[in-house]
Amino acid sequence: MAIETQSNRIIQMQKVCKRYGALTVLQNLDIDIESSEKVALIGPSGSGKSTILRILMTLESIDSGRVVIDGESLYDIHEDSTGSSVSKQQVSRIRAKVGMVFQSFNLFPHMSVLRNITEAPIHVLKLSREEAEQQAVEFLDLVGLQDKINAYPAQLSGGQKQRVAIARALAMQPKIMLFDEITSALDPELAAEVLLVLKNLARKTDRTMLMVTHQMHFAQEFADRIIFMEQGKIVEQGSPEKIFNHPQKERTRSFLKTVLEAT
């Protein structure tokens, strides 16, 4: 059943808690993301940033709280309950609206770039091979790799593999794109080419985009909003101009000073 959302919010996380044994990763977390908004999650390692993305992808469940995507409940768990009231069919339907690009590229080594991008749209979205291939060409052009359409992953650089992974995620036509430290395994030059693709993508698409990154300069250019997290909580959030030039919290200032001095 669709849920009324305030404003134009496509993601709502309400009082979300996530624990691994005695370790609390997210503490009563509240996040609202507007449709088409580009958001960067920053903060020290272990602050819960990637866990948020994994929850939205249903790779992790929650211990309590509520997660709503595009007006439908993904999780709705009370502290004293043993499970979610959301059906598997609803979870599957919502999950199809979300695409994620990981640190590792996860390309199929035995398939060409074209097949890596077209397999899921053909089998999951039921596109014809012709439709899927036409779409793949468009997305490869978007990420600057149209000339690699017949190449295999072993013939690509790390940056090129990551750009293929972005095209593959786009081919599933998600409303929401998640990016989890996608340049962390790349050297600075290859990382720069991937980040340039993402900046162009953010400018050209109306998809909602949520990114975890340690690249502060990129976050500043990419995002409509920065969320700074620590120990499973939001410390401060606001526009890039506000967070980077006029942070209100001492913890935000010290984090940015340390990170920016190291780059």
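Taking 30 Å as the limit for the C-alpha separation, the pairs 88/148; 175/249; 97/199 exceed it in the case of 88/148; 175/249. Calculate the tail of P(r) for the range 211-263: the fraction of all Cα-Cα distances greater than 18 Å, expressed in %. Percentage above 18 Å: 21.
With N set to the residue count of the chain, report its C-alpha Rg divided by 2.2 N^0.38 Å to two decimal places.
1.02
Relative to the current alpha-carbon distance between residue 89 and residue 173, full extension at 0.36 nm per residue lengthens the span by 28.3 nm. Site pair residue 78 and residue 224 shows an inter-label distance of 3.5 nm when each label is modelled 7 Å from Cα along Cα→Cβ.
With all protein chains in place and a 1.4 Å probe, the accessible surface of the chain carries 49 percent carbon and sulfur.
Subtracting the Cα-Cα distance of residue 246 and residue 19 from their residue separation scaled by 0.36 nm leaves 78.4 nm. Accessible surface for the range 72-193, divided over its residues, is 50 Å² per residue with a 1.4 Å probe. Projected over all directions and averaged, the alpha-carbon convex hull of the range 18-62 occupies 3.7 nm².
Ranked by the mean number of other Cβ atoms within 10 Å of their residues, highest first, the peptides 40-50, 214-224 come out as 40-50, 214-224.
A simple charge model with +1 on the Cβ of Lys and Arg, -1 on the Cβ of Asp and Glu and nothing else charged puts the dipole of the range 51-142 at about 200 debye relative to its Cα centre. Rounded to the nearest 20 debye, the dipole size of the range 120-184 about its Cα centre is 140 debye, using +1 on the Cβ of Lys and Arg and -1 on the Cβ of Asp and Glu.
How many nm is it between the label spots at residue 189 and residue 217, if each spot is 7 Å from the Cα in line with the beta carbon? For residue 189 paired with residue 217, the spin-label model returns 1.7 nm. Taking every DSSP beta bridge that has both ends in the chain, the antiparallel portion is near 60%.
Work through the residues other than residue 49 whose Cβ is under 9 Å from its Cβ and net out their charges, Lys, Arg +1 and Asp, Glu -1.
The answer is -2.
Relative to one another, the C-alpha centroids of the range 108-135 and the range 221-263 are positioned 39 Å apart. Contact order for the chain, expressed relative to its length and based on alpha carbon pairs under 8 Å spaced 6+ residues apart, stands at 24 percent.
The charge dipole of the chain, taken about its Cα centre with unit charges on the Cβ of Lys, Arg, Asp and Glu (plus for the first two, minus for the last two), comes to roughly 220 debye.
The values are calculated or read from the model by the stated rules, or taken from the named source; none is laboratory data. Note that this is a predicted model, so its numbers are computed, not measured. Neighbour counts run over all protein chains shown; Cβ positions are idealised from the backbone, glycine included. In case anyone asks, the SASA skips ligands and DNA or RNA and just uses the protein heavy atoms, side chains included. Shrake-Rupley method; radii C 1.70, N 1.55, O 1.52, S 1.80 Å.
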